[in-house]
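This report concerns only the one structure given below.
The values are calculated or read from the model by the stated rules, or taken from the named source; none is laboratory data. Values in this document were obtained by computation on a predicted structure and should not be read as measured data. Note: ideal-geometry Cβ built from the backbone for every residue, glycine included; neighbour counts use all protein chains shown. Keep in mind that these areas ignore ligands, DNA and RNA; they rest on the heavy atoms of the full protein, side chains included. Shrake-Rupley method; radii C 1.70, N 1.55, O 1.52, S 1.80 Å.
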Amino acid sequence: MKEELIKRFTTYAKIDTQSNEDSKTTPSTSGQFDLLHVLVEELKEIGMEDVALDENGYLMATLPANTDKEIPTIGFLAHVDTATDFTGKNVNPQIVENFDGNDLTLNEKLNIVLSAKEFPELPSYKGQTLITTDGTTLLGADDKAGITEIMTAMNYLIQHPEIEHGRIRVAFTPDEEIGRGPHKFDVERFDATYAYTMDGGPLGELQYESFNAAAAKVTFKGSSVHPGTAKNKMINASKLATEFIGKFPEQEAPEHTEGHEGFYHLISIHGEVEKTQVYYIIRDHDRESFEARKATLEKYVNEMKEKYGVENVELELTDQYYNMREKIEPVMEIVDIASEAMKNLDIKPIIEPIRGGTDGSQLSFMGLPTPNIFAGGENFHGKFEYVSVESMEKAAKVIIEICRLFAKK
Ligand SMILES: [Zn+2]
């Protein structure tokens, strides 16, 4: 299975599928279609049925049941796009066999080194096969590792008809990294009872709890007058913005929080005297506390309105996604089966809340409960990203084992 995983992964990694937040199309970039077309051919080649790619870049396929038993249809999903934080052009995957556990030079010329000092988990991969970048791009293990694992698991099930399973659906989707993954996902067309995203990090991760998330854009309008004659006339929008920012509790920020603690995060400030825009995101696992945070932000906006005029302060506040726990807890057997599958393979499940969201956060609220399983990568979204082939192999086996366990219930 290892050779197959390496071959698939490196093929996918070389295709530039970076998404683009500024694009209005779905998928946001044409490179995602380049990979999707490769996947269409491959799904057909291994013998999947109903292989269908729609105009928005959602690719679905079916592995029919090989038993008459009543088994719910299970779905597996991975996203084709890669993060926007660092370049994904000309990815040149490096294969390190039998990793010695020491610092790993990614690029001698540029002196880019993956060091155990900075990444303490590194030595634990001793003896394994790692796939790394050449230090100049991201790797895209997020989430091409997930695609590789699903494809390899489906191929395995097709090659091993003795493993009993129900109807399995797979989907490869666009634009996860810009938060639009599920936007045009047709849950009805997918027609699965439950699904799993293969989009987590290191070995063992199993997640069914995400943040509740909202985004706020606050616009301050000022009035620019020549500074020499500005007395009692000038309103400086940038100063209004800093006054507003000063209202937020300093400790409730990403750099001061962990675990189940929520926060306000100042993403950016753009402005000058005439107009300044401030972007915040709000994150909290607890729904009540999430709503309270939104109310607090609105209160701060209203204070600014009162002081500087309603016409000079404007708020756009939108919910982005909710904690999927609410939708998954009633069908907890899907988490239990994933956990059992891992234990059967000697993998210790690491069940912790995600301090973020996944496509599953939105899909779960669209009627498809979707926890998230590890894909095996480390240091996502940058040049130090790498993935262990052994972890990918285990993830593929977890998929196979989940299918087997559902058929046994
Ligand atoms: Zn991802």
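Could you tell me which of rounded, prolate or oblate describes the stretch 131-186, using a ≥ b ≥ c as the square roots of the eigenvalues of the alpha-carbon gyration tensor, with rounded for a/c under 1.5 and, failing that, prolate when a/b is larger than b/c and oblate otherwise?
Oblate, because a/c is 1.5 or more while a/b does not exceed b/c.
For the pairs Lys343/Lys408; Lys117/Lys217; Lys221/Lys383; Lys2/Lys44, flag any whose C-alpha to C-alpha distance is greater than 28 Å.
Table pairs above 28 Å Cα-Cα are Lys117/Lys217; Lys221/Lys383.
Say we join alpha carbon atoms closer than 10 Å with springs in a Gaussian network model of the chain; which of Gly309, Gly382, Gly101 then has the biggest fluctuation?
Of Gly309, Gly382, Gly101, the most mobile in the Gaussian network model is Gly309.
Please list the non-local residues whose amide H lies under 5 Å from the amide H of Ile71, H modeled 1.01 Å from N, same-chain partners needing a gap of 5 or more.
none
Give the peptides 77-87, 1-11 in descending order of average Cβ contacts within 10 Å, highest first.
Most protected by this proxy first, the peptides run 77-87, 1-11.
Using a simple spin-label model with points 7 Å from Cα along the Cα→Cβ vector, what separation in nm is obtained for Glu288 and Ile112?
It is 4.8 nm.
Quick one: with all protein chains in place, what share of the accessible area of the stretch 301-354 is carbon or sulfur, to the nearest percent (1.4 Å probe)?
Accessible surface attributable to carbon and sulfur in the stretch 301-354 totals 46 percent.
Report ³J(HN,Hα) in whole Hz for each residue of the stretch 357-371, in order, from the Karplus equation J = 6.51 cos²θ - 1.76 cosθ + 1.60 where θ = phi - 60°; Gly and Pro get x.
x, 10, 4, x, 4, 7, 4, 4, 7, 8, x, 10, x, 9, x
With θ set to phi - 60°, apply the Karplus curve 6.51 cos²θ - 1.76 cosθ + 1.60 along the stretch 294-306 and write out the HN-Hα couplings as whole Hz, x wherever there is a Gly or Pro.
4, 5, 5, 4, 4, 4, 4, 5, 5, 4, 5, 4, 4
Nearest-5 percent of antiparallel DSSP beta bridges in the chain?
Antiparallel: roughly 75 percent of the beta bridges in the chain.
Write down the accessible area per residue of the stretch 212-321 in Å², having rolled a 1.4 Å probe over the full set of protein chains.
Per-residue value: 56 Å².
Remind me, relative contact order of the stretch 212-321 in percent, using alpha carbon pairs under 8 angstrom and six or more residues apart?
41
Kindly write out, for the stretch 248-259 in residue order, the coupling ³J(HN,Hα) from the Karplus curve 6.51 cos²θ - 1.76 cosθ + 1.60 (θ = phi - 60°), rounded to whole Hz, with x marking Gly and Pro.
Working through the residues one at a time gives 6, x, 4, 6, 9, 10, x, 6, 10, 10, 7, x Hz.
Take the solvent-accessible surface of the protein heavy atoms, probe 1.4 Å, and return the percent of it on the stretch 86-133 that carbon and sulfur atoms account for.
Carbon and sulfur together cover 44 percent of it.
Give the carbon-plus-sulfur fraction of the accessible surface of the stretch 1-74 in %, rounded to a whole number; probe 1.4 Å, heavy atoms of protein chains only.
Ligands and nucleic acids excluded, carbon and sulfur give 45 percent.
Over the stretch 1-157, average the accessible area per residue using a 1.4 Å probe and give it in Å², no decimals.
Roughly 45 Å² per residue, with all protein chains present.
To the nearest 20 Debye, how big is the dipole of the stretch 212-321 about its Cα centre, given +1 on the beta carbon of each Lys and Arg and -1 on that of each Asp and Glu?
640
Under unit Cβ charges (Lys, Arg +1; Asp, Glu -1), what dipole magnitude, rounded to 20 debye, does the chain have relative to its Cα centre?
860
Specify whether the C-alpha gyration tensor of the chain places it in the rounded, prolate or oblate class, a ≥ b ≥ c being the square roots of the eigenvalues: rounded for a/c under 1.5, otherwise prolate if a/b is larger than b/c and oblate if not.
prolate
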